[in-house]
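The values are calculated or read from the model by the stated rules, or taken from the named source; none is laboratory data. This one's a predicted model, so the numbers in the text were calculated from it and none came from an experiment. In this analysis, Cβ positions are derived from the backbone assuming ideal geometry, glycine residues included, and neighbour counts consider all displayed protein chains. Just so you know, the surface numbers come from the protein's heavy atoms only, side chains and all, with ligands and any DNA or RNA stripped out. Shrake-Rupley method; radii C 1.70, N 1.55, O 1.52, S 1.80 Å.
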Amino acid sequence: MPKFSKTEKENIRNRLHKEGESLFVRHGIKKVTIEELAKSAGIASGSFYSFYDSKESLYLALNINAQNRIFDQLKKDLLPPGQSSSKENSKKALKKMIIHFMNTPILSMLDSDTWEQITRKVSPELLQEHLDQDTAIVDFFSQSGIKFRYPQKTTAKVFQAISMFVQDTVKISLEQEVFDIMLTGILNQILSD
């Protein structure tokens, strides 16, 4: 396997991210191969493993990056830490986050089947990093005045479930009104007064 300089590694990782996201969005995680990912980044198939353990690890890294971009935007949009927020404002902020997720192609693909594939193939450490990131988002919401009834990790897992629920409902063409009722019910349950 060739040795890459620090700059080459960064460039290759950027190409893997850009081309990988494009391939995953166009074809889905099941149909994309390591060979296609490597070729799109201009490296040999074996060199792919210098960057990621599996295509699922790359997919999850892309997912985490997309979530970070949304999180950064939400930080700008939400109340500064320490200011109080009403339950209705909290619902609006959380719905906004979910809509961002739905409108981000790499995130909108993450349904329960894809998540099951990812959990079978990626390391427990990477899965924990994903949960830690979601927990950090819940922590930020808490610092911004949004009050939750449940511990951060539980709330983070609820958001993960909502994300998959959203994608699975898209598959069955759930009416917007029904989706809004269900989402409002979940938010009413997890938000504190």
(message) Within region 94-112, does at least one residue satisfy the condition of being of a type in the set (Phe, Trp, Tyr), within 24 Å of residue 22 (Cβ to Cβ), open to solvent by 20 Å² or more (accessible area, probe 1.4 Å) and in contact with a Leu (Cβ under 7 Å, 6 or more places away or on another chain)?
(response) yes
(request) Would you point out which residue out of 141, 148, 165, 179 is modelled with pLDDT of 85 or more, more than 24 Å from residue 17 (Cβ to Cβ) and either touching a helix residue (DSSP H, G or I) at 6+ places or on another chain (Cβ under 6 Å) or not β-branched (Val, Ile, Thr) (or both)? (result) 148
(message) Every residue in region 1-30 that is without any contact (Cβ under 8 Å) to a residue 24 or more places away in the chain and in a helix (DSSP H, G or I), please.
(response) 6, 7, 8, 10, 11, 14, 18, 19, 22, 23, 26, 27
(request) Select from region 130-155 the residues that are over 15 Å from residue 71 (Cα atoms), in a helix (DSSP H, G or I) and open to solvent by 60 Å² or more (accessible area, probe 1.4 Å) and list them in ascending order. (result) 152, 153, 154
(message) Can you report the number of residues in region 68-93 which are modelled with pLDDT of 80 or more and aliphatic (A, V, I, L, M)?
(response) 1
(message) Scan region 31-43 and tell me whether some residue there is of a type in the set (D, E, K, R), outside any helix (DSSP H, G or I) and at pLDDT 95 or above.
(response) yes
